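Written below as structure tokens is the structure these notes are about.
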Amino acid sequence: MPVIECQSQPSVFRSAAKGAIMFKPGRFNGSLLLLAFAISLFLSAGGVRLAVAQPCNGIGQSVPGEVNIQPQWEPAIIPPTENLSSEGCLLVGTHNFTPSGGSPPYTWQVDVGTVEYEVDPETGTLNLTVDESDCGAVHVNLFDGMGRKVSTSACIDLNSQWVRTGAQGCCDWGSVCAVCVDGAFRYEVWIASPGMCGSTATCGLSSPCSACQPTGKDFVGWIKIWTRTCK
């Protein structure tokens, strides 16, 4: 976890009386003499701020006053990347859900039927085992030491199917831009253009599929949604 070290030292002002600057006219030409005279007037009018280390917050921004803030990054879950089907669903075997960021200790909550799991006490990794009798999807919650929560889900390949559960949008005309699986959900994203559905207004939707990011005047008009369930 990155650590940002900050110095909390107040700004320093030096008056002209404490740091008087002596000028010898014989060593300057006319222009330099005028410049030196202007600097002397500025110093006599007020203080000069010296550059000193300022306190900073967790992202490196300068903040006023005495601070001692340790960076507390938001918790996250790194999902399994191996032993997956072509759609990214969990195959039979053991899968690791790894905590990232946040503040240890971590606490896991698994919302699933018969799937077995255990937590590695040293790394905090959730080791989840899928066998031949499991199906549907697994939903996982992670709580860090400060009580912050992050969630993820994963589809199970065996004994399971995609069931259409809904759709959202304002324009179901257009063309399919992408189909993708994100955890326990499958999305089909449709792209519309101005003038379709009798309106030039967008639907205010963003694409859940990274491969589909509309450009120009096109917009996401419709998203069909499937959920992974047991057969």
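Here are some notes:
- Here E82 and M146 are evaluated by their C-beta separation; at R0 = 25 Å the FRET efficiency comes out at 0.25.
- Cut-off 20 Å (backbone N to label point 7 Å along Cα→Cβ of T215), residues of the range 150-181: 175-179
- Between Q161 and S103, the C-beta separation translates, for a Förster distance of 35 Å, into a calculated FRET efficiency of about 0.35.
- For the range 76-165, taking the reciprocal of the average inverse distance between every pair of different Cα atoms yields a Kirkwood hydrodynamic radius of 13.5 Å.
- Each Cα pair under 8 Å and six or more residues apart adds its separation to the average, and for the range 76-165 the resulting relative contact order is 32 percent.
- Rounded accessible area per residue of the range 76-165, 1.4 Å, Å²: 53 Å²
- For P99, neighbours were defined as the other residues whose beta-carbon sits under 11 Å from its Cβ, and their charges (Lys and Arg +1, Asp and Glu -1) total -2.
- Estimated vicinal HN-Hα couplings, Hz - the range 125-130 in sequence order (Karplus 6.51, -1.76, 1.60; Gly, Pro = x): 6, 8, 9, 10, 10, 9
- Rounded FRET efficiency, nearest 0.05, which uses the C-beta distance separating V176 from E118 and R0 of 45 Å: 0.65
- Cα-centre dipole for the range 111-211 with unit charges at Cβ (Lys and Arg positive, Asp and Glu negative), debye to 20: 720 debye
The values are calculated or read from the model by the stated rules, or taken from the named source; none is laboratory data. None of the values given here were measured: they were computed from a predicted structure. Neighbour counts run over all protein chains shown; Cβ positions are idealised from the backbone, glycine included. Just the protein is used for accessible areas: all its heavy atoms, side chains included, with ligands, DNA and RNA removed. Shrake-Rupley method; radii C 1.70, N 1.55, O 1.52, S 1.80 Å.
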